[in-house]
1. Sort through A:Ala332, A:Ala309 and tell me the only one that's under 30 Å from A:Leu111 (Cα atoms) and either part of a loop (DSSP other than H, G, I, E, B) or within 19 Å of the chain's Cα centre (by Cα) (or both).
2. Can you name the number of the only condition in (1) surrounded by 18 or more Cβ atoms within 10 Å (Cβ to Cβ); (2) touching a His at 6+ places or on another chain (Cβ under 9 Å) that B:Glu16 fails?
3. I'd like to know if region B:199-210 contains one or more residues that are more than 20 Å from the chain's Cα centre (by Cα), away from ligand 1 (no atom under 14 Å from the Cβ), in a helix (DSSP H, G or I) and over 26 Å from A:Ala279 (Cα atoms).
4. When you go through B:Ala138, B:Ala179 one by one, which is the residue that is in a helix (DSSP H, G or I) and farther than 16 Å from B:Gln95 by Cβ?
5. Looking at region A:374-391, which of its residues are near ligand 1 (Cβ under 6 Å from one of its atoms) and either surrounded by 19 or more Cβ atoms within 10 Å (Cβ to Cβ) or touching a residue at least 12 places away in the same chain (Cβ under 8 Å) (or both)?
6. Checking B:Thr234 against (1) within 19 Å of the chain's Cα centre (by Cα); (2) at pLDDT 95 or above; (3) surrounded by fewer than 23 Cβ atoms within 10 Å (Cβ to Cβ); (4) of a type outside the set (A, V, I, L, M), which test does it fail?
7. Restricting to region A:6-45, give me the number of residues that are within 23 Å of A:Arg62 (Cβ to Cβ) and within 12 Å of ligand 2 (Cβ to nearest atom).
8. Against the condition touching a Pro at 6+ places or on another chain (Cβ under 8 Å), within 14 Å of chain B (Cβ to nearest Cβ) and under 24 Å from A:Thr272 (Cβ atoms), how does A:Leu231 come out, does it pass?
Amino acid sequence: MGLSGIEIFKKLPKTNCGKCGVPTCLAFAMKLATGQAEIEACPDISEEVKEEIGEASAPPVRTVIIGAGERAVKIGGEAFMFRHEKRFENPPVFTLFLSDKMDEETVSDRLTRFNNAVYERVGVVMRPELIAIKGDSGESSRFEALAAKVCRETDAGFVLMNEDTEALSRTVRACSGRKPLIYAATGNNLETLGNLALEFSCPLAVKGNNLEELAGFAERLVGMGLKDLVLDSGARTAGKVLEDQIIIRRSALMKRFKPFGFPTIVFPCEMTDDPMKEAMIACQMMTKYGSIIVLSGIEGHSIFPLLLASMNIFTDPQRPMTVEEKIYEIGAVDENSPVIITGNFSLTYFIVSGEIDSSRVPVYLLIKDTEGLSVLTAWAAGKFGADTIGVFIKKSGIEDRIKHRKLVIPGYLSSISGELEEELPGWKVLVGPREASHLPAYLKQLSQQ
Amino acid sequence: MTIEIPKLAYTGKIKEILLGQEGNNITVGGESCYPFHLFEGTMPHPPKIAMEVYDSVPEDWPEAAIEPFADVIHDPVAWAGKCIDVYGAEMIALQMASTDPNAENIPADKAAAIAKKVSDETDVPLIVWGCGDVDKDAEVLRSVCEICDGRNLIIGPVAEGNYRAIGATAIAYNHTVVASTPIDINLAKQLNILLGNLNVSDDKLIIDPSIGVIGYGLEYTYSVMERIRMAALTQEDERLQFPIILDLAKDVWKTKEVKLSEEEAPLLGNQKKRGILFEALTAQCLLMAGADVLIMRHPEAIALVKESIEELMNRREG
Ligand code: B12
Ligand code: SF4
């Protein structure tokens, strides 16, 4: 992929000044080649060379930004077919569909649901990110009014969709600061919309009726100097979308086929009237290469599992999410508060601390470094046995903060309790429930004793 | 503009495994490409869904999961019958949950008798799934193998700790085994080799890479499945060329997010639909990674997944 470290090195200043944070230009070049450094880190490279290197070391699927300010979202930037090859970069963006044919009430209701759908999980905020606004009433004033309303009532980014090029241009002009995605350049409007996107530096979607047509249009737009494109192959059946998405991604990665080196947009909302089926289709597209996934509505029971699944698929397989090894104080603890231990896998930590929180019992939660493994996985891997827990408790400093000597361990570790008491003379080991959901009841009982 | 479709040259193929017995056979496997990559290979047998039936009344299930089975929940035979007659189940998976030493801990002979009854009364391929305790499963599943002689049951999970005992008995009574390993491609391959050495024949083996569901380790299962398929289809790894089965419903319906009511968590929407989608979307992800058999629970989740399989098997344009 791209230039080798040596090829990049040849273009660097070769002064080994170290301003990039790496001791030598060669070392910096090697990092660039493997995507571990940003070209901007070296202040002494000319713009021209920067572009050359940047282009060559860029991921085969271009990163495109939609929206402005805090809510701008990145899509694309992908360099792999399978997450285990390294990792996927930018999770797909779930998008709410609004039409200018909808009445006020429907629009307001959907916008409220969209704005409310914000979830926090393992410390990460997940939410649907974009709104697609389609003009299909035939009245440009309705379209413009709807776009204005969305602009006012949310700071999310959006997609402007209209076959009426005039209306579309006017609306883009009116809200160009929000950097909307313009949808979509196709046969007859290609140049007009291409120029519009260039004039306002907005990303542009391009749609063909099939892959061949799409490639042709995208190539023309690239030729016009457009850099930020989003692809729609026109497919609207599950099987065909899957096929097109795979071919687009493979062409970009394996053949460096420039017209397909962009993120994509897909429309489950146009493929069924049943919201449950729509969620299934959206899920398929989440796993296989859809970048913007447009949904007819946002409902908690479907968007939440979709976001969660997408967070799973897009986590870095080489680095489980972890929290710091230390003593966490939950609530107003004192020297009599219970002491509980678990591992540093983010998911485990957030589940357990959440349950402790809701119990309202102040607790010292000891987090031991288990290299990001869950309780049983860590135990099976030899990172959460009686010996290592014993050592950890002694050096953690918890003994100076409490008067009692009682330690609650996860229910799944019941088999180690005897051995752990031997490792920790003077301590009593209590086996907690297996599931964290039973912790509040357990803690209340414990604190009453 | 013509584009050149970059196709993969697959060098391997998943084995076709015949499940069930004469009159109710189903074949699974046989893929010569990645999941639903029908533009460059074939999937002669689309993935199948086995409906769960429990050997005793389940505890701790959310209302939505009980509701469809409320009238048959005390009787595994009637339960299986309803799954087949009303919901059109292609396969049944009998969950021997009450054998669990941490639960009711019913003895092996009692468990085997239940399995026998269900097997006698069920005319679709039958999976009998242990509680996951290595030693107890060895006892129970061996008894099941014996008493259901010649039925070609699908027996699982067969793990590193009990494969000798269960494997040998399964061969003697002509059943198919599920080789189960904890989300690790090397362990999966290793267990298949061990079972091969034991003389479990290649047409009597399917593999279970272990389940992680949405929000709880889905990504690990997803990736290990993709890696297994990659090794099987493009690296001629003959010991991984087996169909994949996943026991997913159990883990889905015990998650906190499925159990929360709408009053407790208004932002998570309708509780019933949420449960159904947690199950159906977990299944959908697993299909995209290479599942051949999915053990599922809720009829509406199953209907969604069946329809999705049909759609994915179809290459029509519009
Ligand atoms: C995903 C997974 C993995 C992932 C790692 C995920 C991770 N970050 O830990 C991978 C694929 C890497 C993995 C590897 C292995 N795994 Co693994 N893995 C799982 C799986 C499917 C889910 C684990 C998980 O994420 N759970 C979710 C977290 C939140 O659960 P948790 O930490 O236990 O927390 C819960 C409770 O314990 C409780 N709780 C937590 N803390 C506390 C504290 C107190 C005081 C209380 C009261 C409660 C409490 O609250 C939480 C929610 O209820 C489980 C099977 C399963 N379905 O559970 C197997 C499992 C844990 N793995 C297992 C094994 C054997 C292994 C391996 C050793 C296999 C191998 N030889 O390679 C390796 C070891 C890792 C290594 N060598 O590096 C076994 C363990 C068997 C056993 N009983 O000891 C399991 C149970 C699978 C099985 N049935 O065989 N695994
Ligand atoms: S800052 Fe630039 S010139 Fe200085 S060492 Fe790094 S790469 Fe070389």
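1. A:Ala309
2. Only one criterion in (1) surrounded by 18 or more Cβ atoms within 10 Å (Cβ to Cβ); (2) touching a His at 6+ places or on another chain (Cβ under 9 Å) is unmet by B:Glu16, namely (1).
3. no
4. Only one candidate qualifies: B:Ala138.
5. The answer is A:Ser374, A:Val375, A:Leu376, A:Thr377, A:Trp379.
6. So the condition that B:Thr234 fails would be (1).
7. 12
8. yes
The values are calculated or read from the model by the stated rules, or taken from the named source; none is laboratory data. All values reported here derive from a predicted model rather than from experimental measurement. Cβ coordinates were reconstructed from backbone atoms using ideal geometry, including for glycine residues, and neighbour counts include every protein chain displayed.
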